[in-house]
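Everything on this sheet refers to the single structure shown next.
The values are calculated or read from the model by the stated rules, or taken from the named source; none is laboratory data. Because the structure is a prediction, the values reported are computed rather than measured. Please note: Cβ atoms are built from the backbone with ideal geometry, for glycine as well, and neighbour counts cover all protein chains shown. Heads up: the accessible areas ignore ligands, DNA and RNA and are worked out on the full protein's heavy atoms, side chains in. Shrake-Rupley method; radii C 1.70, N 1.55, O 1.52, S 1.80 Å.
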Amino acid sequence: MALRFRKSFKLAPGVRMNLSGSGASWSIGPRGATIGVGKRGTYLNAGIPGTGISARQRIGGTAAKSRSIEQPRLQSLSVSVSVSDDGTITFRDAAGNELPDKLIKVAKSQQGEAIKELIQNKCEEINQEIDSVGEIHLYTPAPSEKPIYELIKYNEPKPAEPIPRKLGFIRSLFKSQREKVEAENRQAFSEYQVRLNQWEAQKIAFEAEESRRRLLIEELIYTNPEAMSEFLECSLQEIVWPRETNVSTEIHAGGSVVFIDVDFPEIEDMPCKKAAVPASGYKLTVKDLSAINIQKLYMQHVHGVAFRIVGEVFAALPKAEEVIMSGYSQRPSKATGQISDEYLLSVRVKRSAWARLAFANLSAVDVVESLGSFELRRVMSKTGVFKPIEPYSPAELSAVGG
């Protein structure tokens, strides 16, 4: 399907979202970590695959505190504990060999709390994938939150002028020595001048861009549709999206009406596993989500994306009085089997109606029901099975304006 609108861009997924009662935080890293248990204590080892970046943090006491348990054998033994995505917990020695049950029992007795914490972290990591796709709407800004310009200063330090090298009295009597030092001083000053010129050019460019950004936020997004489109794109791209999402936009009526097309992620991109830690023991139970639960999660996700984008448009563009957002997905045709774009929902939202939502209590908002309270085109079962619909189009602009 050809794009309906002129302006299009990609919203790339970022780091994983950790949700908690105190707000949101962000983390990036590998799936799992290791714990090293040896005579010098217990260490948590983590790294980012493919980068060579790693960290090692001590999380337990020394093995000397447990001398009564096979102390001679553990003096030189290094143990790694890893938890895989399917819940398998593996204990290995420094050579990568799996430990016998006897040594696993010793490791658990000495470092049980650290191992349980590692299991719990893996459980939360698996489950937060579900949270990230199902609760993206929780961070939707209120339409009253207008963009505010905040000055960013140029913080690159100015190059320091070199201190000329001086000769002592005796060495200054020799012409060759004087010429050598003078040449070194000229070279140092010349290099400094190059650095200074580069710094000044970068500072001028930075300040020019900062002035342009200030003009954009304080003036142009109220008067210029091109600037509105640019600012909206930047605002949406600054958000951390749990899945790749493609967006097309078109601004009409001098900025009062905004059309948005969203290429939703596919249902195959949804998390398919849920984890739980039993009350006792060293276990992580990972189960597959049922097809119905995955379908419901997908329903929650596409409505959450639609909800979030509508809210971001109203917050980014104070002139926007109406947003028409349509979302589609690639699905096989039942008639031909060919993959094609099918619209799943299309909603028209006026700012005045949007402002009546309780943005301070979004956790109480059911996004599926909420979008249904606006002018919504959607044919969907209770479990989230969509049938294709015909979206609102710019050709209907006169009807929208009415």
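Some notes on this structure:
- Pairwise label distance in nanometres, K175 with N246, each label 7 Å out on the Cα-Cβ vector: 7.5
- Cα-centred dipole magnitude for segment 220-301, charges only on beta-carbon of K, R (+1) and D, E (-1), debye, nearest 20: 880
- For segment 330-397, the normalised intensity computed at q = 0.15 Å⁻¹ comes to -0.65 (log10 of I(q)/I(0), Debye sum over alpha carbons, equal scatterers, no solvent).
- With R₀ set to 60 Å, the beta-carbon distance separating R92 from S373 gives a calculated FRET efficiency near 0.65.
- Entries of K334/K382; K319/K387; K108/K274; K10/K296 with Cα pairs more than 29 Å apart: K319/K387
- Measuring with a 1.4 angstrom probe and ignoring ligands and nucleic acids, K7 comes out at about 60 Å² accessible.
- Calculated from backbone phi, Karplus (6.51, -1.76, 1.60) coupling profile of segment 106-121 in Hz, x at Gly/Pro: 5, 4, 5, 5, 7, 10, x, 5, 5, 5, 5, 5, 4, 5, 5, 4
- Using a cut-off of 25 Å between Cα atoms, the listed pairs K116/K273; K7/K146; K102/K273 include K102/K273 as exceeding that distance.
- In sequence order, calculated HN-Hα J values of segment 81-95 (Karplus, 6.51, -1.76, 1.60; Hz; x Gly/Pro): 10, 10, 10, 8, 5, 8, x, 6, 9, 10, 10, 10, 8, 4, 8
- Additional length obtainable on full extension of the chain from C234 to R331, 0.36 nm per residue less Cα span: 32.0 nm
- Taking amide H as placed 1.01 Å from N in the peptide plane, the amide H of N246 sits under 5 Å from that of L11, D263, each at least 5 places away or on another chain.
- Under 5 Å, built H, 5+ apart or other chain: amide partners of E375: R348
- Among L236, V181, F169 the positive-end extreme of the charge dipole of segment 146-237 (Cβ point charges): F169
- The heavy atoms of R213 offer some 60 square angstrom of accessible surface to a 1.4 angstrom probe.
- Placing a pseudo-label 7 Å from each Cα along the Cα-to-Cβ vector at E182 and T285 gives an inter-label distance of 8.7 nm.
- Inter-site label distance for D85 and S381 at 7 Å from Cα along Cβ, in nm: 2.8
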